[in-house]
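Engineer: Before I ask anything, here is the structure I am working with.
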Amino acid sequence: MACPIHSIICVVLRRFQQHQEQEQTCLSPVPFEEVISAMLRQIWQGQSKSLQRLFPSCNAPLNRPMSSKDPQLLHIDEQFRKIPKEDRNKATFNTAIELFQHNRMRTRGHVEFLNTALKYLEEYNLHKDLDTYKSLLKVFPKGPLIPTNVFQKMFLHFPMQQQCCVKILDMMEWHGVQPDKEVHDIVANTFGEWNFATRKIKRMLYWMPKLRYSNKYLDRRMVENKNLDDKALAKVALKMMCRDPGTTFTLVKTPSDDAEAENSWVVSAQAPLQKKLITDLAPESTIYVDGPNVVYLLEKPIKYFVLSSDPFNTNFDEFIEQRDIYDMKDFRGKVFSDRTDLTERNLHQQSDKTILAMAVFEYQTESMAVRWLDHLSEMNPKLNDMSVLFRVKKDGISVAEEFSEEEEEEPAKESQAI
Amino acid sequence: MLSVPLRSRLLRQTCMLAARYTSNEVTKAKPVEVIAQENNLPIERTSLSRGLALNRFEKDFMIYPEYSDAEDVDNIKKFSNKVRDELVNALSDRNVHATGISDEILSVLLKNGIFHGFVPKEYEGAGLSTKDLLCVNEALGVDLSTFVFVNQTYIATRLIQLYGTEEQKSKYLPKLASFQLKPAMCMQNPLTGEITEVVGFHGGESKVHGYKSDVINADIADIFFVFSNELKNKGTGESAYNCYLIDKSEIGDGQITISETKVTHGLKGINISKVHFANIPARKENLIGGYNGGHDAANEIMSYGNFYLGSAVVGFLKNMLEELANYANAGIVGNRRLAENVAVQRALSETGMNTFVLESIIYYLGGLMDEGLVLSTDIENAIVQRYVNRVLREAFVSVTQVAGTTATQEGFPYDKMTRDMNTLLSLNVNDLSLVKSISLSMIVSWVEATSFESRFAKANTLKRLLNINKRDSNWNNPKLKHFIAEHVHPSLEVACRKLENTMSRLDVALNRIVEDAGSRVKEDVATLWSLSTVLENNLAMVATIARASRSYSIGLRNADIELAWAIAFCHSAARQSESELEFLMDHFGLLRKNPSLVNVGAAVVEFGGYPIERPIERNW
């Protein structure tokens, strides 16, 4: 007999294939999630009786109407949903919280309200806001949820409320919001000093600051809670990536491709050592502009480009035989040799390529890359004598398309080289 | 934040005492030592360094003080960054050889209300806390002459606040806060021949006569704080030492003449000149600190406010390190950055470490003062001043080693920096006076607190013989008594153990010094110098351990580096203390070695230069 789970997976995969085909031919405007949920309901109700027998506990939730149709939840949902998208901000969110607390005549409904509010945090762009989390946690009543006897302390007292609180704290943690002592005090006043939820905030308060600067190349304070524009973000991202402390960052404004638009910008990063490496390159050697690659600055993706050359002909093997160190033959020669750390390869000279500069563009196009190279040529005149190969990736190209394009565009690519 | 409840035990008591101390009436009647004795306050609660010298310890010392509110930290950081940036802008266009404070800098100071910060709120000031003021002064430290300029107003404010009458406070403090009045300090030094004296006339009012050299900003001053002698009794020659606040607009027929303005190498923002006072009315209402209260006021000037000098120097050094790091990172040697040269890193490491230690000390003491946990800071002020002198001297080495000839090239920032450092070092109190102040104050407190009795006064040979072994054992294998390491992060356990060993050994060494030298110790410069070094190291170790422990525990950025620096510093400081104490034990041992350091200098002076014959000289 076929396993019921196996049969469900087979059906889902089949429907997924069908949906893909329909989507390509634009026959199915219905989202795939809805198709699948309808299908699962159908399978569950009609076909898989054996599965229902296997998991009777799953029966109730699946057979129950969906939560959005619950009149009580619908009402809470409406509080957040009815606000137009342009007005969804901290003030309106806080008003919804205040309204709930003001209208509350009974000691119920906190969990439902908070679960609903959590769903809308990102829509209101408040998922990084510590004050909002505090306001949410303050919704819990103070006092009645604190265990008073040893049995209540032993077992999960008010489990739904504690789980809800942990869910809020989890969301804080997920979005990297640093809790402060006030958050701890709010939770401790709600659930008692050593309850499950309080332990969660205690651990967060201990570990999150400790791990805050685990990326030592990024000062999070430069980005967190700061409304930085793209240029500033680009500089911070480049600063994080460029490990040479001598790197200088320049903002270049170039005419935009679009005649109506204003100037577009390039943030370029190059260290004096990289300039020296360019002068050391053989004339007419080939250099490459690669990109866009993606780096994440906390949760913000930044697309950057790299100017590089083939690796230098240096020894990348850093292994030193211990017996060579303690071999006293020609000791004088070894100690007074001209070869020191300062003549060894530097950090830009990697084994696969030598990195000569990095940049972030406003638009990730080849024309922007050309303008960046023009800017670099002003400070590195030798670049004018070199062949440049632009390897600019394009978004939204499927594997099949890429293959076909490569075959067709190969001669065109060569023509882009300067 | 957690430190607040932990400190609550004696906090209320000490706060009340601190409040009384800052109150004018109480201060005049009861000095802090008397208040401490009356309330049975332990000596470590009164003075941190004295406590450490007496091998006393309070676990609160290991809790680095901090702001209780994150918003306050943000506000003061924003404010000090703003002041710093604006000052840097104002300085960028300034000719480095121009003298006096420029209009641009003055407008930055006035726009940001820098002079308001020192004055209490009830006299139209901002009434900032010590930590706030340290941050502001650190920002001013980007230009040392701007700091020295501002510091004159601060000293004047402090004197009036502590020793002035209510009329003087309400008349002068608001004007000092708004910079309508500019002060100048004229503290006489009779040993150099400077005398300002008050002469009384029958039937008329007394007059101040005399002169004072090296007065800062006398040319632009509106009020002068003049310290002068007044003969009380002609027969016995007894005189009173008074401090007069002389308002230039109220001197009547009197004359204040400014002469011999020095053209200094650095600190171009201030002027140093000689001031002559003639026929200036010396009225009772102009007295600061009452009749014969000049000593207290002079002590206040000498023993307070060095924290702000320290914070300005920290700001200056941070700026200097940034410039040097940029220079080293931009330069190329071989196939690497100049900064990758180990010699450059070594040259920067001294200044980096010194900046870390000085910063730790000043913010530590400033925080403790804000919380009322220490009342007397005379030794600590002298220690900070000595650190400042040492740090500035070593900064010279860093600049010349890293920047090479660029360090002396005109137009480069290092040129102004070295000139400013040079002039500030010349203006600062010399090391010998500081060493005497630190060591002698500590020895006196040690003798008083331990009720020490010399064997000459009460010989007990048997007891002495029996104690020899005990003393040797205490020296060679000091027992842990306070278990300081229990109060800090486990990584700092070794550093804490070394600190505790030094504290125990210092106790043994002091016992021997006082027993053998008695009051003659005041003339033994080498001993005082060594003792001072040990005390400085003790304070610095406590501050760095407490700071690194806090930073690592709460996960501040680069806390791992901070921890490594604290451990490295404590290791070298403990080694230095141990060697200094061993020197002292040898010095006062059976075979007495006469320290030759002072004798070398004496010979140089005696023979008018280098006294040793050339090695090629023949004598037959």
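Read-outs throughout are calculated quantities, based only on the coordinates presented, and are distinct from any laboratory measurement. Keep in mind that this is a model prediction, so the values were computed, not measured. Positions of Cβ are backbone-derived with ideal geometry, glycine not excepted, and every protein chain shown enters the neighbour counts.
Engineer: Given H placed on each backbone N at 1.01 Å, which residues far from A:Ile287 in sequence or on other chains put an amide H within less than 5 Å of it?
Structural biologist: Hits under the 5 Å cutoff: A:Ser387, A:Val388, A:Leu389.
Engineer: Which ³J(HN,Hα) values, rounded to whole Hz and listed in residue order, are derived for the range B:156-170 from phi using the Karplus coefficients 6.51, -1.76 and 1.60 in 6.51 cos²θ - 1.76 cosθ + 1.60 with θ = phi - 60°, glycine and proline given as x?
Structural biologist: 4, 4, 4, 4, 5, 4, 7, 10, x, 7, 4, 5, 4, 4, 6
Engineer: How many nm is it between the label spots at A:Phe249 and A:Lys393, if each spot is 7 Å from the Cα in line with the beta carbon?
Structural biologist: Inter-label distance under the simple model: 2.3 nm.
Engineer: A:Lys119: which aspartates and glutamates have alpha carbons under 15 Å from its alpha carbon, excluding same-chain residues fewer than 8 sequence positions away?
Structural biologist: Here the aspartates and glutamates satisfying the reach criterion relative to A:Lys119 are A:Asp77, A:Glu78, A:Asp129, A:Asp170.
Engineer: Also: Using 0.36 nm per residue of separation minus the Cα-Cα distance, give me the extension gain between B:Glu582 and B:His295 in nm, one decimal. Let's see the in-between values first.
Structural biologist: Details: separation 287, 0.36 × 287 = 103.32 nm, distance 3.69 nm.
Length difference between fully extended and current span is 99.6 nm.
Engineer: Considering the dipole of the range B:249-359 built from charges on the beta carbon (Lys and Arg +1, Asp and Glu -1) around the Cα centre, which of B:Val263, B:Gly293, B:Val275 is farthest to its positive end?
Structural biologist: Working it through, the farthest residue towards the positive pole turns out to be B:Val263.
Engineer: Under 5 Å between amide H atoms, partner at least 5 residues away or on a different chain: which partners does B:Ile332 have, H built in plane at 1.01 Å?
Structural biologist: For B:Ile332, the qualifying residues are B:Leu338.
Engineer: On to the next question. What's the FRET efficiency of B:Glu410 with B:Asn477 using the Cβ-Cβ distance as r and R₀ = 56 Å, to the nearest 0.05?
Structural biologist: Working: r = 58 Å, r/R0 = 1.04.
For R0 = 56 Å, the calculated efficiency reads 0.45.
Engineer: To the nearest 0.05, what FRET efficiency results for A:His175 and B:Gln180 with a Förster distance of 60 Å applied to their C-beta separation? All intermediate terms of the calculation are to be shown ahead of the outcome.
Structural biologist: Working: r = 52 Å, r/R0 = 0.87.
That pair, A:His175 with B:Gln180, gives E of 0.70.
Engineer: State the extension gain, in nm to one decimal, for the chain segment bounded by B:Ile561 and B:Asn279, taking 0.36 nm per residue of separation less the distance between their alpha-carbons. Could you put the intermediate results ahead of the total?
Structural biologist: On the way: separation 282, 0.36 × 282 = 101.52 nm, distance 6.09 nm.
Once the chain is fully extended between B:Ile561 and B:Asn279, it gains 95.4 nm.
Engineer: While we're looking at this one, here's another question. Cross-link candidates for A:Lys202: which lysines have Cα within less than 22 Å, leaving aside residues fewer than 8 places away along the same chain?
Structural biologist: A:Lys128, A:Lys134, A:Lys138, A:Lys142, A:Lys153, A:Lys167, A:Lys181, A:Lys210
Engineer: Shielding by partners for B:334-347, please: the mean number of other protein chain Cβ atoms within 10 Å of each residue's Cβ. Please report the intermediate quantities before stating the final value.
Structural biologist: Details: counts 8, 14, 9, 9, 3, 3, 6, 3, 3, 0, 0, 0, 0, 0.
That average works out to 4.
Engineer: Which ordering of B:Tyr610, B:Tyr244, A:Tyr124 is given by a fewest-first count of other beta-carbon atoms within 10 Å?
Structural biologist: Numbers: B:Tyr610 9, B:Tyr244 26, A:Tyr124 22.
With the sparsest Cβ surroundings first, the list reads B:Tyr610, A:Tyr124, B:Tyr244.
Engineer: Step through the residues of the range A:119-132 one at a time and calculate ³J(HN,Hα) from phi using the Karplus curve (6.51 cos²θ - 1.76 cosθ + 1.60, θ = phi - 60°), rounding each to whole Hz and writing x for Gly and Pro.
Structural biologist: 4, 9, 4, 5, 4, 8, 6, 10, 5, 10, 9, 5, 4, 5
Engineer: Exposure proxy check: B:Arg337, B:Arg520, B:Arg497, A:Arg243 ranked by fewest other beta carbons within 10 Å? Let's see the in-between values first.
Structural biologist: Numbers: B:Arg337 23, B:Arg520 9, B:Arg497 17, A:Arg243 12.
By the 10 Å Cβ count, ascending, the order reads B:Arg520, A:Arg243, B:Arg497, B:Arg337.
Engineer: Sticking with this structure for a sec: Order by neighbour count: B:Thr146, B:Thr257, B:Thr423, fewest other Cβ atoms within 10 Å first, most last. All intermediate terms of the calculation are to be shown ahead of the outcome.
Structural biologist: Working: B:Thr146 26, B:Thr257 12, B:Thr423 21.
Least crowded to most crowded, the residues run B:Thr257, B:Thr423, B:Thr146.
Engineer: Taking the Cβ of A:Met208 as the center, what net charge do the other residues with Cβ under 13 Å away carry, scoring Lys and Arg +1 and Asp and Glu -1? Don't jump to the answer; show the numbers that get you there.
Structural biologist: Details: positive: A:Lys181, A:Lys200, A:Lys202, A:Arg203, A:Lys210, A:Arg212, A:Arg220; negative: A:Asp170, A:Glu173, A:Asp180, A:Glu224.
Every neighbour counted, the sum reads +3.
Engineer: In whole Hz and in residue order, list the ³J(HN,Hα) couplings for the range B:446-451 that follow from phi through the Karplus curve 6.51 cos²θ - 1.76 cosθ + 1.60, θ = phi - 60°; x for Gly and Pro.
Structural biologist: Running phi through 6.51 cos²θ - 1.76 cosθ + 1.60 with θ = phi - 60° gives 5, 5, 5, 6, 8, 6 Hz.
Engineer: Could you check the spin-label model distance between B:Ser572 and A:Lys82? Points 7 Å from the Cα along Cα→Cβ, value in nm.
Structural biologist: 7.0
Engineer: With the crude spin-label approximation of a point 7 Å out along Cα→Cβ, what separation in nm comes out for A:Asn89 versus A:Lys134?
Structural biologist: 2.0
Engineer: On to the next question. So what's the net charge close to B:Arg56: Lys and Arg +1, Asp and Glu -1, counting the other residues with Cβ under 11 Å from its Cβ?
Structural biologist: Working: positive: B:Arg45, B:Arg50, B:Lys481; negative: B:Glu44, B:Glu58, B:Asp507.
Summing Lys and Arg as +1 and Asp and Glu as -1 gives 0.
Engineer: Work out the mean other chain Cβ neighbour count within 10 Å for the residues of B:407-419 and drop it here as an integer. The partial results should precede the final answer.
Structural biologist: On the way: counts 0, 0, 0, 0, 0, 0, 0, 0, 0, 0, 0, 0, 0.
Mean shielding by partner chains, rounded to a whole number: 0.
Engineer: Another question, then. If the cut-off is 26 Å between C-alpha atoms, which lysines fall inside it for A:Lys253, apart from same-chain ones fewer than 8 positions away?
Structural biologist: The reachable lysines, counting only those whose Cα sits under 26 Å from A:Lys253, are A:Lys226, A:Lys231, A:Lys235, A:Lys239, A:Lys275, A:Lys276, A:Lys300, A:Lys303, A:Lys382, A:Lys393, A:Lys394.
Engineer: Please list, by residue number, everything in the range A:323-367 whose backbone N is under 14 Å from a paramagnetic label point 7 Å out along Cα→Cβ of A:Asn315.
Structural biologist: Label zone hits: A:323-325, A:334-335, A:337-345.
Engineer: Could I ask something else about it? Ignore the peptide's own chain and count Cβ atoms of other chains within 10 Å of each Cβ in A:339-349; give me the average, rounded. Can you show the working numbers first?
Structural biologist: Values: counts 1, 5, 6, 10, 4, 4, 2, 6, 3, 1, 1.
Neighbouring Cβ atoms belonging to other protein chains average 4 per residue here.
Engineer: Can you find, among B:Thr418, B:Leu309, B:Val388, the residue sitting farthest towards the positive end of the charge dipole of the range B:302-430, where Lys and Arg contribute +1 and Asp and Glu -1 at Cβ?
Structural biologist: B:Thr418
Engineer: Report the calculated FRET efficiency for B:Val447 and B:Asn81 (r = Cβ-Cβ distance, R0 = 35 Å), to the nearest 0.05. Kindly include the intermediate steps, with their values, before the conclusion.
Structural biologist: On the way: r = 48 Å, r/R0 = 1.36.
Calculated value: 0.15.
Engineer: Going by amide H atoms built from the backbone, whose H comes under 5 Å of the H on A:Ala271, apart from near neighbours?
Structural biologist: Residues meeting the criterion, in which the H sits 1.01 Å from N, are A:Thr248.
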